[in-house]
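Below you'll find the structure, written out as structure tokens, and then a few comments.
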Amino acid sequence: MSMHIRQNSLTSQLIGKNLAHTYYCSPFIKRLFEADQDLEQQSLEHLSHPFSRQEMESWLNNRQISDEASLNQSLRKLRQYVIANIILRDLNKLADLDEVLVSVTSLAEITLIQAHQFHFNFLKNIHGSPIGLNGEEQQLSIVGMGKLGGEELNVSSDIDLIFTYPEEGETEGKESITNQSFFIKLGKKIISSLNDITEDGFVFRVDMQLRPFGSEGQITCSYQLLEDYYQKYGREWERYAWVKGRVIMGPQIELNKIIDPFVYRRYLDYGALNSMRDLKSQIQNDVNKRGIQENIKIGRGGIRKIEFIAQVYQLIRGGQDKALKLKSLLPTLKLLETKNLLSTEAVKSLTEPIVTGKQIGRAHV
């Protein structure tokens, strides 16, 4: 009863000047609610709490998803509900940073898994199961990189992905194709379901540039090809990128055995300092050419520089200290403070810009 009273109170407050304030700060949500009155009403009724992962999953499970069109519409509608809830709560000071990051990251993971399940079963009905050399059905591994890997997505983030699968082979159906062909088809369908713009918008922009050989490489590859690539061609910036690499679905232990030796050295890797300086210089040159020195992400004193500070400690010491193999930036900074690798004052000055959205002073970078 008390929760119901609190919810009604919050809703009543928001319907007045707070809703006007929300519309003023977010023309996006104003357009969204004007186009869908039911979305506005349901969003206001849900104002008292954020969408939980279970609620998102239940919402999708209750939808009639019978074909690709209904899948794509359902994923986009879910995004509208979740993002509207985040915006309403955030702009009315009901949500903190952690709530926003958790909600958007959960939305990305759930929509990825739902798209995978639908398209995997659809392709399986046509081509049969992809079978490996051991005779077992193969599953696609979806790796979240960047902000998705670090569970740090915000409402405007795209998602960086890498697709891979365990073994080569062929599918067992009448219209048999190679496992690589099967998983390429699957990967393209997943991307389309999240990235394509329809009358209901999109779910997430999908970036596949971090895969082996970038835009010139296949959209997915086997574990063996993945391992061969990083052994022969892996570059230093890819080591930094994989610090945040996190398996969203699929076998995790096998993939970690391939990636960990590439990212983390068994010795104290002070060579990572020079690599970080080179990479930082490359980014700074690009920033200067584009005239975006005040960009909060990659400009001088921006979030990317803070990530470099944390990641260089991880790369230097992570091979010997497994506790440093964290994916999220804020917990990593806190751990570096606990281990006396960064001072309390330094961690405070590095953490504040992430929470407030301000750039750090030049003295720190």
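The values are calculated or read from the model by the stated rules, or taken from the named source; none is laboratory data. Everything numeric in this text was worked out from a predicted model, so none of it was measured. Every residue, glycine as well, gets a Cβ built from its backbone with ideal geometry; the counts of neighbours run over all protein chains shown. Only protein heavy atoms, including side chains, enter the accessible area calculation; ligands, DNA and RNA are left aside. Shrake-Rupley method; radii C 1.70, N 1.55, O 1.52, S 1.80 Å.
For the range 70-91, state whether one or more residues are in a loop (DSSP other than H, G, I, E, B) and out of contact with any His (no Cβ under 7 Å at 6 or more places or on another chain). Spell out the reasoning first.
So in the range 70-91, the residues in a loop (DSSP other than H, G, I, E, B) come out as none.
No, the range 70-91 contains no residue that is in a loop (DSSP other than H, G, I, E, B) and out of contact with any His (no Cβ under 7 Å at 6 or more places or on another chain).
When you go through Ile131, Ile177, Ile197 one by one, which is the residue that is of a type in the set (A, V, I, L, M, F, W, C), open to solvent by 60 Å² or more (accessible area, probe 1.4 Å) and either modelled with pLDDT of 95 or more or more than 29 Å from Arg79 (Cβ to Cβ) (or both)?
Details: Ile131 fails: open to solvent by 60 Å² or more (accessible area, probe 1.4 Å); Ile177 fails: open to solvent by 60 Å² or more (accessible area, probe 1.4 Å).
When all the criteria are applied, what remains is Ile197.
This table checks each residue for (1) over 21 Å from the mean Cα position of the chain (by Cα); (2) surrounded by 19 or more Cβ atoms within 10 Å (Cβ to Cβ); (3) under 25 Å from Gln138 (Cα atoms).
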residue: Pro212; (1), (2), (3): no, yes, yes
residue: Glu216; (1), (2), (3): yes, no, yes
residue: Tyr229; (1), (2), (3): yes, no, yes
residue: Arg239; (1), (2), (3): no, yes, no
residue: Met249; (1), (2), (3): no, no, yes
residue: Gln252; (1), (2), (3): no, no, yes
residue: Leu255; (1), (2), (3): no, yes, yes
residue: Tyr267; (1), (2), (3): yes, no, no
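Can you tell me which residues in the range 331-340 are in contact with a Leu (Cβ under 9 Å, 6 or more places away or on another chain) and within 18 Å of Ile354 (Cβ to Cβ)?
Keep residues of the range 331-340 that are in contact with a Leu (Cβ under 9 Å, 6 or more places away or on another chain), which gives 332-333, 335-336, 339.
Selection gives Thr332, Leu333, Leu335, Leu336.
Which residue, of Ser328, Ser343, is within 21 Å of the chain's Cα centre (by Cα), modelled with pLDDT of 70 or more, open to solvent by 20 Å² or more (accessible area, probe 1.4 Å) and not charged (D, E, K, R)?
Numbers: Ser343 fails: within 21 Å of the chain's Cα centre (by Cα).
One residue alone meets the criteria, Ser328.
Does the range 140-154 contain at least one residue that is surrounded by fewer than 21 Cβ atoms within 10 Å (Cβ to Cβ) and farther than 25 Å from Ile258 by Cβ?
Checked against the condition, which is being surrounded by fewer than 21 Cβ atoms within 10 Å (Cβ to Cβ) and farther than 25 Å from Ile258 by Cβ, the range 140-154 yields at least one hit.
Kindly evaluate Lys77 against the criterion of being open to solvent by 10 Å² or more (accessible area, probe 1.4 Å) and on the phi > 0 side of the Ramachandran plot. Let's see the steps before the verdict.
Numbers: open to solvent by 10 Å² or more (accessible area, probe 1.4 Å): yes; on the phi > 0 side of the Ramachandran plot: no.
The answer is no for Lys77.
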